[in-house]
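The values are calculated or read from the model by the stated rules, or taken from the named source; none is laboratory data. Keep in mind that what you see is a predicted model, and the values were worked out from it rather than measured. Reconstructed Cβ throughout: ideal geometry from the backbone, glycine too, with neighbour counts over all protein chains shown. Please note that ligands, DNA and RNA were not included when accessible areas were found on the heavy atoms of the full protein model with its side chains. Shrake-Rupley method; radii C 1.70, N 1.55, O 1.52, S 1.80 Å.
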Amino acid sequence: MVENVLERPVAAIAAAAARIVGDEYVARDELLTDASGLRGVAAVLARPADAEQARQLVAWAYANDTPIVPVGGATGYSGGIVPEGPLPVLAISMQRLWRVRSFDPLLWRIEVEAGVTTATVARLARENGLLFPPDPGAPEQSQIGGNLATNAGGPHAFKYGVTSHWVTGVEAVLAPGELVSFGGPIRKDVAGYDLRSLLIGSEGTLGLITAAWLRLTPAPAQTIPVVAAYATIEEGVEAIYGALASGIVPAAIEYLQGTALVHAPPPFLDADGRQFVVIAEAETEHERDELLLALGPAAFAADPREVWRWRGGVSLVVRAVRGEKLAEDIAVPLDRLQEAIERTLEIGARHGLEACSWGHAGDGNIHSTFLYDPADPAQRAASEAAAEDLFALARELGGSVSGEHGLGALKRGQLLGQWSEAAVAAHEAIKATLDPKGLFNPGKKQARPTS
Ligand SMILES: Cc1cc2nc3c(=O)[nH]c(=O)nc-3n(C[C@H](O)[C@H](O)[C@H](O)COP(=O)(O)OP(=O)(O)OC[C@H]3O[C@@H](n4cnc5c(N)ncnc54)[C@H](O)[C@@H]3O)c2cc1C
């Protein structure tokens, strides 16, 4: 935590930021919120134009004991960009770092600044016959820097891996204001400790990512989602195991369960009376036929645009049912999938809340969701209590409290209990080494609850 600091007048932070980035790119008392619904005010928000301005902002903040909050596209689900604590905060928005520094489609690689959106990289790749597989939702808003900072996944992480799998180099500003690079346009590099991977998934708590070298891959000629609806959770999970055992690697294996299907009915299939839908994506006709066999007689090949457009909207539709939802992202070993899905419903019932789930079934990554009315404090408290039970369930099943969204502010303290005391101490030692003043995104990705 921050020690021996003087409270900086907000005016001094704003004046320093304005000297670095220019008056028009500095805002005062900026309300910051993300998809978690948490909110907080940044005393000053600065929008640097490039990595050098970002470096100067960090250097000033570090020299002047000012907490730094990196801000990407604000689509995170764990309150990672929401300022906390007693000190005025300097939030640094990466929005203006939008340049593609280099693009070599024939060598399957691209270097982009941190503020380039996920959709921009995906589009550039697609236009050149290539694929950038990480596909977290909200791609028009989420940024490459935010994807790296959360090590984002998405449906296609099943076959292609999460963001870290696609990063060969990271440029970042570390304390006390040094611009460094780990890796680059090289596909292999074991010369040093893997600090590139350490920054990936660090949620803005170890440094400010300014650019990344990304790997691309030739795009599949086609994508064919095979979908099927099942009467029970047990049947649906059995079908997932069938897809896994089919001998091919589907690009994605997704599921949706229970009232998620009632509130957001799939337009391409009649799920009436069924409580479980599986989507497994093939990339060749042979794979399609194998998946049709594996998913059983109810399965059919659907239009990819229709399937993914619907799938991308489910979260927002379900949220609108009661006005708010608490959606978690636990990950469990694949053999515990059915138990995790069923016990999500039991947890909701115990707390008097409607519950359902969906997610990246092939990765055992479940978005357990509790619906509530945000105007009702009792329901909100019930959803938080339900989330606590869910985290205990994830640990009991040998899983993780977060497969995608990170600890952020929402899951502060939840690593303790999942990891041993010695492992937590190693986590804290890394933070203390790279951020000795505790100024990078204070209060986030904390293993222990704040005492
Ligand atoms: C509808 C919807 C669907 C989603 N689906 C998925 C999904 O399938 N899989 C998944 O993994 N996520 C998913 N997400 C969550 C979110 O989209 C991802 O975590 C995304 O990668 C966050 O990027 P961002 O730019 O919006 O980051 P932000 O929300 O702005 O920030 C997230 C965290 O990263 C830090 N950060 C941001 N930029 C930087 C930087 N340049 N340097 C250092 N730290 C930084 C912030 O401080 C914060 O802690 C979804 C979100 C929505 C709204």
All-pairs alpha carbon distance profile, the chain, 20 Å steps from 0, percent | 25, 56, 19, 0
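Please report, ordered by residue number, every helix of the chain (full DSSP H runs) that is 27 Å or longer along its axis going by C-alpha atoms and whose mean Kyte-Doolittle hydropathy reaches -1.0.
Values: long enough: 304-322 (29 Å, -0.23); 377-396 (29 Å, -0.21).
Helices passing the filter in the chain: 304-322, 377-396.
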Within the accessible area of the range 240-362, what % is carbon and sulfur when the probe is 1.4 Å and the other protein chains stay in place?
-> 53
With the convex hull built on the Cα atoms of the range 331-406, state its orientation-averaged projected area in nm².
-> 4.6
The ³J(HN,Hα) series, computed from each phi in the range 137-143 with the Karplus coefficients 6.51, -1.76 and 1.60 at θ = phi - 60°, rounded to the nearest Hz and given as x for glycine or proline, is x, 6, x, 6, 9, 5, 10
Provide the convex hull volume over Cα atoms per residue for the range 142-183, in Å³.
-> 66
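Take the Cα atoms of the range 69-189, build their convex hull, and give its volume per residue in Å³. Don't skip to the end; give the middle numbers.
Values: hull volume 14.3 nm³, N = 121.
Spelled out: Cα convex hull of the range 69-189, divided by residues, is 118 Å³.
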Using every alpha carbon pair in the range 260-311, what percent of pairs falls into each 5 Å bin from 0 up to the bin containing the largest distance?
-> 4, 17, 30, 24, 17, 6, 1
In nm, give the distance between the simple-model label positions of Ala301 and Arg28, each being 7 Å from the Cα along the Cα-to-Cβ direction.
-> 6.2
Take the Cα of Thr433, step 7 Å along the line toward its Cβ, and report every residue of the range 202-217 whose backbone nitrogen sits under 16 Å from that point.
-> 202, 206-207
Just list whichever of Lys188/Lys445; Lys159/Lys188; Lys188/Lys437; Lys325/Lys445; Lys325/Lys411 have alpha carbons separated by over 25 Å in the model shown.
-> Lys188/Lys445; Lys188/Lys437
Sparsely packed GluC sites (Glu not before Pro) within the range 121-208, loop by DSSP, other Cβ within 10 Å at most 15 = Glu140
Residues in the range 164-193, backbone N under 18 Å from the label point at Trp108 (7 Å along the Cα-to-beta-carbon vector): list them, ranges by number please.
-> 164-169, 184-189
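How much area per residue is accessible in the chain when the probe is 1.4 Å and only protein heavy atoms are counted (Å²)?
Accessible surface, normalised per residue, equals 41 Å².
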Identify the residues of the range 241-268 with backbone N under 18 Å of a label point that sits 7 angstrom from the Cα of Asp289 along the Cα-to-Cβ direction, or state none.
-> 243, 246-250
How would you classify the range 220-314 from its alpha-carbon gyration tensor, with a ≥ b ≥ c the square roots of the eigenvalues: rounded for a/c under 1.5, else prolate if a/b is greater than b/c, otherwise oblate?
-> oblate
Selection from Ile68, Ile253, Asn365, by position along the positive dipole direction of the chain (Cβ) | Ile68
Gain on full stretching of the segment that runs from Ala18 to Glu339 - 0.36 nm per residue minus C-alpha separation = 110.2 nm
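Exposed loop sites here are trypsin sites (Lys or Arg not before Pro) in DSSP loop states with at most 13 other C-beta atoms within 10 Å. What is the longest stretch of the chain lacking them? Each step should come with its number before you reach the end.
Working: sites that count: Arg187, Lys188.
The segment 189-451 is the longest one with no such site.
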Kirkwood Rh and Cα Rg combined as Rg over Rh, evaluated for the range 262-411 | 0.99
Taking amide H positions as placed in the peptide plane 1.01 Å from N, state which residues far from Ala252 in sequence (5 or more) or on other chains have amide H under 5 Å from it.
-> Glu281
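Per the 1.4 Å probe, what fraction of the accessible area of the range 19-167, in percent, lies on carbon and sulfur atoms?
C and S atoms contribute 52 percent here.
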